[in-house]
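Just below is one structure, and these are the notes that go with it.
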Amino acid sequence: MKIAIAADHGGYELKNRIADYLIELGHTVTDFGTNSADSVDYPDYAFLASKAVADNSHEFGILICGSGIGMSICANKVKGIRCALCSEPVSARLSRQHNDANMLALGARIIGVEMAKAIVDAFLNEKFEGGRHEKRVSKIECCDINS
Ligand code: RB5
């Protein structure tokens, strides 16, 4: 699969580990940075990767910051993105089955590398169940403050 990945300074080390892991698994990874511990603003990186998923050039995206919260808030502002912030695999699996999540946010100050890998595995190996969830997910897309 083609996967977009991005992080801020709080997440870049874990981002590099996860990018390597994804490549090991045979995925194609586009790394949108950042690539050092120099302080940056997470929205800049979140939006780069989110746009790459929203324009369908990448099937999934993974965002990492200190808590995962800032990254997930930004991603969910992008039309077409459904980003799940997960700190264990069950939520990651459910985010695919029920919410058709197309991006995963992780908190590098919350979880370790092995947990992050387990969450990524759960996310990428699960499918959207469709059915009753289809209508609910379509309502997310239609949400508009004027309607
Ligand atoms: C950076 O210090 C930190 O605020 C950021 O990585 C993230 O946790 C924001 O949600």
Legend entry - Computed [θ] at 222 nm, helices only, for the chain once each DSSP H run of length n ≥ 4 contributes -39500 (n - 2.57): -13500 deg cm²/dmol
Inset, instruction - Could you tell me which GluC sites (Glu not before Pro) in the stretch 1-86 are loop residues by DSSP with no more than 14 other beta carbons within 10 angstrom of their beta carbon? - result: GLU59
Inset, instruction - Between ILE119, ILE23, ILE111, find the one with the highest GNM mean-square fluctuation for the chain; connect C-alpha pairs within less than 10 Å. - result: ILE23
Inset, instruction - Can you pull a Stokes-Einstein diffusion coefficient for the chain at 4 °C (1.567 mPa s), Rh from Kirkwood over Cα pairs, as a whole number of µm²/s? - result: 87
Legend entry - Nearest-ten-degree value, helix 132-142 long axis tilted from longest Cα axis of the chain: 80
Legend entry - Quarter of the Cα convex hull surface for the stretch 1-48, i.e. its orientation-mean projected area (nm²): 2.9
Inset, instruction - Go through the stretch 58-67 residue by residue and turn each phi into a ³J(HN,Hα) via Karplus (6.51, -1.76, 1.60, θ = phi - 60°); whole Hz please, and just put x for glycine and proline. - result: 10, 6, 9, x, 10, 10, 9, 9, x, 9
Legend entry - Relative contact order %, the chain, counting alpha carbon pairs below 8 Å whose residues are six or more apart: 23
Inset, instruction - Would you mind checking the tilt of helix 113-124 against the longest principal axis of the Cα atoms of the chain, expressed as 0 to 90 degrees and rounded to 10? - result: 30
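We did not get these values from a lab; they are worked out from the coordinates using the rules stated. These numbers were taken from a predicted model, which means no experiment stands behind them. A quick note on method: Cβ atoms are made from the backbone with ideal geometry, for glycine too, and the neighbour counts reach across all protein chains shown.
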